[in-house]
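Q: My structure is below; once you've seen it, I'll send some questions.
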C-alpha cells in the first residue's frame with residue numbers, strides 16, 4: 001500500500017489509456033454484418049457519448065448499451081486484441097514510467113475487466129490494481145449481462161470503489177469523462193487531469209485542475225521522468241493561407257497542437273499571433289519579416305508550403321535560430337501543366353470564344369487560332385518548373401528554347417540561348433520561371449516586349465514583381481501580345497474578401513488566375529507531406545536537410561542518447577568551448593556533427609542520457625549562443 005508521501009496514479013481506461021471506448025469497439029465488432037448492425041452500433045456510441053458528457057447517469061448509460069449489445073467471448077477477445085494494438089500513443093511512448101511506478105498505478109473504469117486486463121498486462125499493472133466491471137456469460141459463451149452488484153456499475157461508482165482502498169498519498173486522477181472528476185468525492189485533495197489526446201469532453205475539462213493533451217504533458221507538469229524532452233502537445237503549429245488539411249493532420253498525428261487560418265496575416269497581425277508559436281506554416285501571401293520574427297519567442301521553424309521563400313526574411317530567421325524549409329519540387333508538375341494548358345487555350349482563343357458563347361454569339365471562325373505543334377516556346381528560367389514545361393512542350397511538338405543565368409543542360413532537344421534577348425526574338429510564346437530575388441524585379445518590361453515577335457503569347461506564373469504589368473497591358477492593347485496569362489501579380493489580395501485590382505482586367509484573350517499554379521489536390525498534398533516531414537524531422541531530431549537558410553545536416557536516428565543542438569554565431573573556437581564544458585562534467589560524447597555557413601554554426605552532440613543538469617545552463621551561457629535545445 002502506498003505511503004502518505006508517495007504519488008498515486010489513478011488512470012481511466014476508455015479513450016484515455018486506449019484510443020477508443022472499448023464497449024463501442026466491442027459493439028462494432030459484434031454487430032458487423034448483422035441486420036441493422038451499423039444503426040445499433042451508432043446508437044450505442046451515442047449513448048456512450050451522452051454518459052461521458054454527464055448528460056445521463058452512468059448506470060442508465062451502461063444498462064441501455066448492454067441491452068442493445070449482442071456479443072460473445074470471441075468478440076470480447078477480438079476487442080481486447082484491437083485495444084492492445086491501439087494504446088494511446090503518449091502512454092505507449094512512456095511505458096518505462098509504469099515499470100518504475102507500477103505499485104502506485106491503478107486503472108479504474110466503468111468498462112469491463114475482460115478487455116482491460118490484456119492491455120494492463122502490457123504495462124505491468126497488477127490484476128488487483130484493476131478496478132472494473134465484469135461481464136456475465138452463458139454456457140455457450142454469449143454475453144447475458146454484467147455484475148450489477150459491482151459498485152462501478154452504478155452512479156458514483158468510481159469514488160465508492162476507491163474509497164474502500166483507503167489510499168494515502170498525493171493522488172492524481174487522469175481521465176476523459178465527467179465521472180472521473182467524481183473521484184474527488186472520495187479524495188477531495190486529489191488532482192484531476194482531463195485527458196484530451198483522444199477526445200476532448202468539455203464536461204470533464206470544466207471540472208479539471210488541468211487539461212492535458214497527452215501523458216507527456218502530465219509527466220512534465222509533475223516533474224516526472226519522460227521519454228521525450230518536451231511534451232509534443234505543447235509544441236504549437238500555426239498554419240496560414242488555407243494550407244492542405246493533410247498538413248494539419250500530419251502535425252496533429254505527431255502530437256503537436258495545430259491552429260489553422262484560411263487567409264494570410266499582415267506584419268502586425270503576424271507579430272501578435274506568432275508569440276507562442278513553435279512552427280509557422282505559410283504560403284506566398286504572408287510576409288515573415290524581421291519585425292514579425294522579433295516577437296517570436298518560441299519559434300523553431302518556418303515552413304513555406306510552396307516553392308518560393310522570398311516572402312520570408314531568411315537572414316533574420318537564421319540570426320534568430322529559426323530554420324526555414326520549402327517544397328522546391330512538390331508542385332512543379334501542376335505549375336507546368338497549367339502553363340501548357342494556357343498556351344493551348346490562348347492559341348485557340350478559347351477565352352474569347354467562351355465569352356461570346358455565354359453572350360449568345362456563335363463565332364465559328366478559325367481566324368488567329370493555331371495548333372501548338374511546331375510553335376517555338378521560349379522559357380526564361382530553366383529550373384524545376386521550367387524544365388518540366390520544356391519536357392511537356394516538346395512532347396506536344398513544340399520547338400523549345402531556354403535561357404538561364406546558370407549553366408543548365410537542356411532536356412530532349414531543347415536549345416540553350418546565349419541571352420534572354422536572343423530568346424525573346426525567336427519565341428512564338430514566352431513563359432517566365434524565375435525566383436523572387438531582387439535582381440529579377442522588373443525583368444520583363446517595355447524593352448523586352450519590344451524585342452518579342454508580333455502576335456507573341458506571354459505567360460507569367462513565377463513572381464508578380466518580375467513583369468511590368470502596365471507595359472504588358474499596353475502591348476496587349478496594341479496587338480503586340482496577342483494573348484497572355486498571369487497567375488501572379490505585384491500586389492495580391494490578402495484574402496477572397498479583398499478586391500483584385502489590375503490593369504489586365506477586361507483585356508481580350510487574357511487568362512487571369514489567383515495564384516493557383518500549384519493549387520491542385522495532388523500538388524498541395526505533396527507539398528504538405530514534404531514540408532511537414534522536414535519540420536517534424538527538425539523539431540524531433542534536429543535534421544536540417546533541405547533547409548533554405550540553415551547549414552544542412554543529415555543526422556542518424558537518436559538511440560539511447562540525448563542530443564544537444566547548439567546554434568551559434570559562426571565565430572572561432574565555439575566547438576572547443578562546448579567540448580570543454582562536456583569534459584568538465586565528465587560527459588562522454590557518443591557522436592558529434594558540425595556544419596557552418598557564413599553567419600551561423602550548428603553543432604549536434606549526442607551524449608549519454610545521464611548527466612548533471614547544470615551542463616545545460618553552462619552551454620546556454622556560452623557567448624554567441626543563438627539557440628540551444630535538448631532532444632531525447
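The values are calculated or read from the model by the stated rules, or taken from the named source; none is laboratory data. What you are looking at is a predicted structure, and each value in this text was computed from that prediction instead of being measured. Here Cβ is always computed from backbone atoms with ideal geometry, including for glycine, and neighbour counts include all displayed protein chains.
Q: Can you tell me which residues in segment 259-273 are more than 21 Å from the chain's Cα centre (by Cα) and either under 16 Å from residue 245 (Cα atoms) or in a loop (DSSP other than H, G, I, E, B) (or both)?
A: Within segment 259-273, just 266 meets the criteria.
Q: Using beta carbons and a limit of 8 Å, which pairs, at least six apart or on different chains, have the first residue in segment 338-349 and part of a loop (DSSP other than H, G, I, E, B) and the second one buried (at least 20 other Cβ atoms within 10 Å of the Cβ)?
A: So the pair list comes out as 349/483; 349/509.
Q: Now for a separate question. Among the residues in segment 509-518, are any modelled with pLDDT under 95, exposed (fewer than 14 other Cβ atoms within 10 Å of the Cβ), farther than 21 Å from residue 334 by Cβ and not assigned by TED's automatic domain parsing to the domain that holds residue 285?
A: no
Q: At least 3 residues that are in contact (Cβ under 8 Å) with a residue 60 or more places away in the chain and touching a strand residue (DSSP E or B) at 6+ places or on another chain (Cβ under 6 Å) in each: list the strands (runs of 3 or more DSSP E) lying fully within segment 426-493 that qualify. Can you show your working first?
A: Details: elements: 429-432, 456-460, 481-486.
Filter on segment 426-493 gives 481-486.
Q: Among the listed residues 301, 316, which satisfies the condition of being touching a helix residue (DSSP H, G or I) at 6+ places or on another chain (Cβ under 8 Å), touching a residue at least 60 places away in the same chain (Cβ under 8 Å) and either assigned by TED's automatic domain parsing to the domain that holds residue 435 or closer than 30 Å to residue 625 by Cβ (or both)?
A: Among 301, 316, only 301 is touching a helix residue (DSSP H, G or I) at 6+ places or on another chain (Cβ under 8 Å), touching a residue at least 60 places away in the same chain (Cβ under 8 Å) and either assigned by TED's automatic domain parsing to the domain that holds residue 435 or closer than 30 Å to residue 625 by Cβ (or both).
Q: Kindly indicate whether any position in segment 142-152 is within 27 Å of residue 231 (Cα to Cα), touching a residue at least 24 places away in the same chain (Cβ under 8 Å) and surrounded by fewer than 19 Cβ atoms within 10 Å (Cβ to Cβ). Working first, answer last.
A: Here is the first cut: in segment 142-152, the residues within 27 Å of residue 231 (Cα to Cα) are none.
No; the residues of segment 142-152 include none that is within 27 Å of residue 231 (Cα to Cα), touching a residue at least 24 places away in the same chain (Cβ under 8 Å) and surrounded by fewer than 19 Cβ atoms within 10 Å (Cβ to Cβ).
Q: Please give the number of the condition residue 532 fails out of (1) in the same structural domain as residue 621 (by TED's automatic domain parsing); (2) in contact with a helix residue (DSSP H, G or I) (Cβ under 7 Å, 6 or more places away or on another chain).
A: The single condition residue 532 does not satisfy is (1).
Q: Would you be able to tell me the number of residues in segment 547-570 that are touching a strand residue (DSSP E or B) at 6+ places or on another chain (Cβ under 8 Å) and over 14 Å from residue 322 (Cα atoms)? Step through it out loud before you land on a result.
A: Here is the first cut: in segment 547-570, the residues touching a strand residue (DSSP E or B) at 6+ places or on another chain (Cβ under 8 Å) are 547-553, 555-556, 558, 561-570.
Now drop any that are not over 14 Å from residue 322 (Cα atoms), which leaves 553, 555-556, 558, 561-564, 570.
Of the residues in that region, 9 qualify.
Q: Of everything in segment 350-401, what is in a helix (DSSP H, G or I), without any contact (Cβ under 8 Å) to a residue 60 or more places away in the chain and under 39 Å from the mean Cα position of the chain (by Cα)? Give them in sequence order.
A: Those that are in a helix (DSSP H, G or I), without any contact (Cβ under 8 Å) to a residue 60 or more places away in the chain and under 39 Å from the mean Cα position of the chain (by Cα): 386, 387, 388, 389, 390, 391, 392, 393, 394, 395.
Q: Go through segment 320-357 and report how many residues are within 17 Å of residue 538 (Cβ to Cβ) and touching a helix residue (DSSP H, G or I) at 6+ places or on another chain (Cβ under 9 Å).
A: Result for segment 320-357: 8.
Q: So residue 220 ticks every box in (1) assigned to a loop (DSSP other than H, G, I, E, B); (2) touching a residue at least 12 places away in the same chain (Cβ under 8 Å); (3) within 32 Å of the chain's Cα centre (by Cα) but one. Which box is left unticked?
A: Of everything listed in (1) assigned to a loop (DSSP other than H, G, I, E, B); (2) touching a residue at least 12 places away in the same chain (Cβ under 8 Å); (3) within 32 Å of the chain's Cα centre (by Cα), residue 220 misses just condition (1).
Q: Looking at segment 361-384, which of its residues are at pLDDT 95 or above and under 15 Å from residue 414 (Cβ atoms)?
A: 375, 376, 377, 378, 379, 380, 381, 382
Q: Scan segment 237-258 for residues that are under 18 Å from residue 302 (Cβ atoms), part of a helix (DSSP H, G or I) and without any contact (Cβ under 8 Å) to a residue 60 or more places away in the chain and report the count.
A: Looking only at that region, the number is 1.
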